[in-house]
Amino acid sequence: MAEKIRDREHHERLFKASMSPARREIVSAIGIHGKTLEELRKELNLSDFQLKFNLDWLIKEGFVKEESGKLKLTEDGIELLEAG
């Protein structure tokens with residue numbers, strides 16, 4: 001039963017992430033190889049607020065992580081990227 005709850009929560013998080021064009025755009029821009037925050041700022045047509053708000057959400061929900069100064073996708077982030 002606990003696995004079904006986790007699956008449901010997982011799918012709800014994926015759905016919430018996929019419903020935001022800005023979040024999909026961020027995940028797509030980060031891609032498999034990762035990007036720095038500065039690279040994302042230059043590449044995306046988002047305000048600083050939009051970028052920070054959505055990136056913070058993606059990190060909090062476990063789709064993106066920061067590693068050695070680069071933003072990288074987690075397994076969930078890659079799943080979201082592939083679903084898009």
Can you tell me the relative contact order of the chain? Whole percent, Cα pairs under 8 Å, sequence separation 6 or more.
34
Please compute the alpha carbon radius of gyration of segment 2-83, then divide it by the globular-protein estimate 2.2 N^0.38 Å. Two decimals is fine.
1.06
Would you please give the residues with an amide H less than 5 Å from that of THR36, counting only those at least 5 places away or on a separate chain, with H modeled from the backbone geometry?
LEU71
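Give me LYS60, LYS72 sorted ascending by neighbouring Cβ count inside 10 Å, so fewest comes first.
On the way: LYS60 9, LYS72 17.
Listed from fewest to most nearby Cβ atoms, that is LYS60, LYS72.
For the residues ILE78, ILE26, what sequence is obtained by ranking on other C-beta atoms within 10 Å, fewest first?
Details: ILE78 16, ILE26 27.
Least to most surrounded, the residues fall as ILE78, ILE26.
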For THR74, which sequence-distant residues (separation of 5 or more, or a different chain) have an amide H within less than 5 Å of its own amide H, given hydrogens modelled in the peptide plane?
VAL64, LYS65
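What ranking of THR74, THR36 emerges when the number of other C-beta atoms within 10 Å of each C-beta is taken as an exposure proxy, fewest first? Write down the numbers at each step before the final one.
Working: THR74 16, THR36 13.
Going from least to most buried by this count: THR36, THR74.
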According to a simple spin-label model (label point 7 Å from Cα along Cα-to-Cβ), what is the distance in nm between SER20 and ASN45?
2.0
Extension gain, ASP7 back to PHE53 (0.36 nm per residue minus Cα-Cα distance, nm):
14.0 nm
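Each value in this text was obtained by applying a stated rule to the coordinates, not by laboratory testing. For clarity, every value in this text was computed on a predicted model and none was experimentally measured. Note: ideal-geometry Cβ built from the backbone for every residue, glycine included; neighbour counts use all protein chains shown.
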